[in-house]
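All remarks here apply to the structure that follows.
Derivation of every value follows stated rules applied to the coordinates shown; laboratory data play no part. Note that the structure is predicted; figures quoted are calculated from it, not measured. Using ideal geometry, Cβ is built from the backbone for each residue, glycine included, and neighbour counts are taken over all protein chains shown.
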Amino acid sequence: MASTLPVVEKFHSLQGEGAHVGRSAFFIRLASCKVGCSWCDTKNSWSTNNHPKESIDNISQAVANAYTKGAAFVVITGGEPLHHNLDTLCNAIRNITTRANTQPIPIHLETSGVDPLSGRPNWITLSPKRHAPPRKEIINTCQELKVIVHNQEDLLFAEDIAKHANKSSQPLLFLQPGWNAKEGEKLTLEYVKTHPQWRLSLQTHKWLGVL
Ligand code: SF4
């Protein structure tokens with residue numbers, strides 16, 4: 001098991017999107033992504049070059065510090081965080097935050113779902129991509145399904161994934177227009193109006209210009 005992981009950045013802020021929007025959270029952005037979305041807004045995380053490997057002790061200590069300062073949960077994101085096995089990191093976070101507080105900090109994972117699940121997160125946000133469909137095990141266990149919308153095909157894809165997810169995990173359903181994607185914004189607003197099982201997600205941190 002890895003004792004280090006490549007970290008792009010880690011910071012304490014507010015969750016900007018999805019089901020937990022507006023809540024205090026500590027973010028760990030891991031490097032590495034081979035999914036290759038053309039519209040990706042974190043392309044600097046694709047390669048592990050230029051991103052130093054940090055010890056899991058250091059990372060989990062930073063989470064514990066943020067927990068004592070009010071972070072309600074930790075978000076492991078990327079890149080694609082499941083390109084790495086997260087068992088050691090998540091166990092370390094559970095252990096160290098239990099000592100820092102009475103309960104371990106909840107662990108949230110944001111993933112495209114292309115890799116096997118690891119780390120036993122408390123909350124999985126699945127953000128699947130049409131060109132790299134997610135694994136069934138993640139569709140079946142996610143708590144939140146968040147599909148980025150640029151065009152009509154993305155809505156069909158969202159419904160298809162939701163149909164499979166609803167049989168088992170019954171996640172909260174979010175449609176999120178791509179950033180600066182005018183067609184995606186229009187389609188999403190109209191779709192949510194007429195399909196009330198879906199909710200709108202916006203990247204509020206980008207609107208506010210904060211991390
Ligand atoms: S999966 Fe996420 S990090 Fe990877 S290319 Fe797509 S948007 Fe970017």
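If pairing requires two Cys Cβ atoms under 4.7 Å apart, which cysteines of the chain are left without a partner? Lacking a cysteine Cβ partner under 4.7 Å: C33, C90, C142. The length gained by stretching the chain between W179 and T204 to full extension, at 0.36 nm per residue less their Cα-Cα distance, is 7.9 nm. Considering only beta bridges that DSSP places wholly inside the chain, some 30 percent are antiparallel.
Helical content alone sets the calculated 222 nm signal of the chain at -9000 deg cm²/dmol, taking -39,500 (n - 2.57) per DSSP H segment of four or more residues and averaging over every residue. The phi-based Karplus calculation (6.51 cos²θ - 1.76 cosθ + 1.60; θ = phi - 60°) puts the 3J(HN,Hα) values of segment 82-98 at 7, 5, 10, 6, 9, 4, 5, 4, 5, 4, 5, 5, 4, 5, 6, 7, 5 Hz, whole numbers, x for Gly and Pro.
Which length gain, in nm to one decimal place, applies between R99 and D57 when the Cα-Cα distance is subtracted from 0.36 nm times their residue separation?
Values: separation 42, 0.36 × 42 = 15.12 nm, distance 1.38 nm.
Full extension of this stretch gives 13.7 nm more.
Across the chain, Cα pairs under 8 Å and at least six residues apart give a relative contact order of 17 percent. Could you give the longest part of the chain that holds none of the chymotrypsin sites (Phe, Trp or Tyr not before Pro) found in DSSP loops with at most 15 neighbouring Cβ atoms within 10 Å? Longest gap between qualifying sites, sites excluded: 40-178. When the chain is treated as a Gaussian network with alpha carbon springs shorter than 10 Å, the biggest mean-square fluctuation among P196, P116, P128 belongs to P196. The lysines whose alpha-carbon is closer than 30 Å to the alpha-carbon of K182, local same-chain residues fewer than 8 away aside, are K34, K43, K129, K146, K163, K193, K206. Computed 3J(HN,Hα) for segment 11-24, one whole-Hz value per residue from the Karplus formula 6.51 cos²θ - 1.76 cosθ + 1.60 where θ = phi - 60°, is 6, 9, 8, 10, 5, x, 8, x, 5, 9, 4, x, 9, 5, glycine and proline marked x.
Close amide H partners of R199, meaning residues 5 or more places away or on another chain with modelled amide H under 5 Å apart, are L173, F174, L175.
Suppose the chain between K186 and Q152 were pulled fully straight at 0.36 nm per residue; how much longer would it get relative to their current alpha carbon spacing?
Extending this stretch completely gives an extra 11.2 nm.
Near P104, once Lys and Arg are set to +1 and Asp and Glu to -1 for all other residues with Cβ below 12 Å from its Cβ, the sum equals +3.
Annotation: amide H of E54 within the under-5 Å range of L5, V7, sequence separation 5 or more or interchain, hydrogens built in the peptide plane.
Taken one residue at a time, the phi angles of segment 178-184 give Karplus couplings (6.51, -1.76, 1.60, θ = phi - 60°) of x, 5, 6, 9, 4, 5, x Hz. Gly and Pro are set to x.
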